[in-house]
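Have a look at the structure below before the remarks.
The values are calculated or read from the model by the stated rules, or taken from the named source; none is laboratory data. Since this is a predicted model, take the numbers as computed values, not measurements. Please note: Cβ atoms are built from the backbone with ideal geometry, for glycine as well, and neighbour counts cover all protein chains shown.
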């Protein structure tokens, strides 16, 4: 199988922790030809989807975790399957790439995750389909609406809709001296934000549960904030602990699983804070290596095997 990975520059990843690298290594070990495409190298040539790409070999080696072949250009139907692993920001550049990949799917290329599903499921907004599973939430850019929400809840978390890794997330309290200044900044930008009632259990850890074809592995990667930071995101310095799922976790998983399968979402990372669903990540879910390093659970291998079953 010719399997291409659309990903941000591989030269900049953490080779010890990167989930996409783990997937590439598993595909390589199973004898598949693997290829590397950077997001800005996807393009349309007239009506056909194309890419500049290279073959690639990978390994867990600190000084040399990849070796690229010569650059080539071809229609995307050169590949049998494509894994879309581009990181947010989820902006128009990202969306335009989903159009290119959707065109490739129409040519018979298997694309994971489904490009239409990527467009239809903003990682923050997707949780709104499950009101019984989430904390009090609004989405707005209006300082009046957000201020009224803060008045009712006293303490909230504000999240940009298109970023990742805890970037841009703020914790606001009704008594904050700079509260009105923060709200005026949001109002001025006219950028809608998700505002949620603060969940104190955040200090106990934010759970990431990886689902492959809707199935969990029985464990979460719980990301625990460090120091004064309330964010548990690993990119923000959180500490990772692999823990067994509880009954509420399974309840949440079973509630969202049918839609994931219906939309052709091969891999999802759902986030659970306390007893609440907080995010459904389908762009480039991480934490594969933490599960493997701490529990020997090789979801990267499971993922490649699921792709093989599609043929």
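Quick notes
- Residue in the range 25-33 that is at pLDDT 95 or above and in a strand (DSSP E or B) present: yes
- Test: residue in the range 73-80 that is farther than 26 Å from residue 264 by Cβ and either surrounded by 16 or more Cβ atoms within 10 Å (Cβ to Cβ) or more than 17 Å from the chain's Cα centre (by Cα) (or both): yes
- Selection status of residue 186, surrounded by 14 or more Cβ atoms within 10 Å (Cβ to Cβ), modelled with pLDDT under 90 and within 28 Å of the chain's Cα centre (by Cα): yes
- Inside the range 257-282, residues that are surrounded by 15 or more Cβ atoms within 10 Å (Cβ to Cβ) and farther than 22 Å from residue 195 by Cβ make up a count of 11.
- Residues that are part of a loop (DSSP other than H, G, I, E, B) and either closer than 16 Å to residue 282 by Cα or under 17 Å from the mean Cα position of the chain (by Cα) (or both) within the range 1-24 comprise 7, 8, 9, 13, 14, 17, 18, listed in sequence order.
- Residue ranges of helices (runs of 4 or more DSSP H) in the range 81-166 with at least 3 members free of Cβ contacts under 8 Å to residues at least 60 places away in the same chain and surrounded by fewer than 16 Cβ atoms within 10 Å (Cβ to Cβ): 92-106, 143-153
- When 245, 172 are checked against the criterion of being modelled with pLDDT of 95 or more and crowded, with 17+ Cβ neighbours inside 10 Å, 245 stands alone in meeting it.
- Test: residue in the range 192-204 that is touching a helix residue (DSSP H, G or I) at 6+ places or on another chain (Cβ under 7 Å) and over 21 Å from residue 157 (Cα atoms): no
- Criterion: within 23 Å of residue 167 (Cα to Cα), without any contact (Cβ under 8 Å) to a residue 12 or more places away in the chain and not assigned by TED's automatic domain parsing to the domain that holds residue 280 - qualifying residue of 63, 14, 19: 14
- Residue tally, condition under 24 Å from the mean Cα position of the chain (by Cα) and surrounded by fewer than 19 Cβ atoms within 10 Å (Cβ to Cβ), over the range 40-51: 3
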